[in-house]
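The values are calculated or read from the model by the stated rules, or taken from the named source; none is laboratory data. Computed from a predicted model, the values in this text were never measured in an experiment. Cβ sites come from the backbone with ideal geometry, for glycine too, and all protein chains shown count toward neighbours. When the accessible area is computed, the model is the full protein with side chains, heavy atoms only, and any ligands, DNA or RNA have been set aside. Shrake-Rupley method; radii C 1.70, N 1.55, O 1.52, S 1.80 Å.
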Amino acid sequence: MKINLKDLTEKIENEDYLQDLETVKYGDISKSKKKLREYADKMIKEAVAALKHNSLIQTQLAVTGQRPATFALEINIINLPYSNYKKISNFFEDGIDYDVNVYFETRSDYVNVSKFRIDQLATEKELLADPDAMTDILTDSIIEKLKVIREYQKPEKKDTTKKASTKKNEKTEKK
């Protein structure tokens, strides 16, 4: 599937793309790779169907619990989420058809400082050639991100008031 910048931005702006959202409790998938694979398989099948119908898609898996996360697949020409679609024009020219790829997104307060991560999962050809392999890759990617989220330590905020008062005390002691 190829798409030009104008059509892409119009479809995203008008939400003219396939959308799906599944919600699952962390406890339901944390101990069962098989159960998680079922969700990943559904996401991959939806992306394959979208590509076969020349459609864009955003399919999401929201994981609830102590450290919630949302995993998504989006078909796009660049590794930018649909929520940032206006920035796509900074990287592409009008009037040219571009190949699409499938991107895997992770949103969580516990994934990194920006609370967001996006990676290319596959090209269109790779996804269509072997959806089962892509399901395995997506399943492993979600497991990897869940581990990152589970182990994530938020950076400590720097206390600037302490430094200021220390400098003030040093000046007072020198007098």
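Annotations for the structure displayed:
- Scanning segment 101-121 for residues that are closer than 18 Å to residue 61 by Cα and outside any loop (DSSP other than H, G, I, E, B) yields 102, 103, 104, 105, 106, 107, 116, 117, 118, 119, 120, 121.
- Lone qualifier among 49, 40 - being assigned to a helix (DSSP H, G or I) and farther than 18 Å from residue 105 by Cβ: 49
- In segment 1-10, residue nearest to residue 73 (Cα to Cα) [restricted to those that are assigned to a helix (DSSP H, G or I) and in contact with a strand residue (DSSP E or B) (Cβ under 8 Å, 6 or more places away or on another chain)]: 8
- Set 2, 52, 33: member being modelled with pLDDT under 95 and open to solvent by 90 Å² or more (accessible area, probe 1.4 Å): 33
- Residues of segment 25-37 satisfying the condition of being in a helix (DSSP H, G or I) and basic (Lys, Arg): 33, 34, 35, 37
- Complete set of residues in segment 61-90 that are part of a strand (DSSP E or B) and touching a residue at least 60 places away in the same chain (Cβ under 8 Å): 61, 63, 69, 71, 73, 75, 76
- Options 93, 15, 22: the member that is assigned to a loop (DSSP other than H, G, I, E, B), open to solvent by 20 Å² or more (accessible area, probe 1.4 Å) and either aliphatic (A, V, I, L, M) or in contact (Cβ under 8 Å) with a residue 40 or more places away in the chain (or both): 93
- Yes/no for residue 133 being among the hydrophobic types (A, V, I, L, M, F, W, C), modelled with pLDDT of 95 or more and either open to solvent by less than 100 Å² (accessible area, probe 1.4 Å) or in a loop (DSSP other than H, G, I, E, B) (or both): yes
- Hey, residue 116 in contact with a strand residue (DSSP E or B) (Cβ under 6 Å, 6 or more places away or on another chain) and hydrophobic (A, V, I, L, M, F, W, C) or not: yes
- Top-ranked residue of segment 62-82 - restricted to ones that are open to solvent by 70 Å² or more (accessible area, probe 1.4 Å) and in contact with a helix residue (DSSP H, G or I) (Cβ under 9 Å, 6 or more places away or on another chain), ranked as modelled with the highest pLDDT: 67
- Residue 40 vs. criteria open to solvent by less than 60 Å² (accessible area, probe 1.4 Å), modelled with pLDDT of 95 or more, closer than 22 Å to residue 151 by Cβ and out of contact with any Lys or Arg (no Cβ under 9 Å at 6 or more places or on another chain): yes
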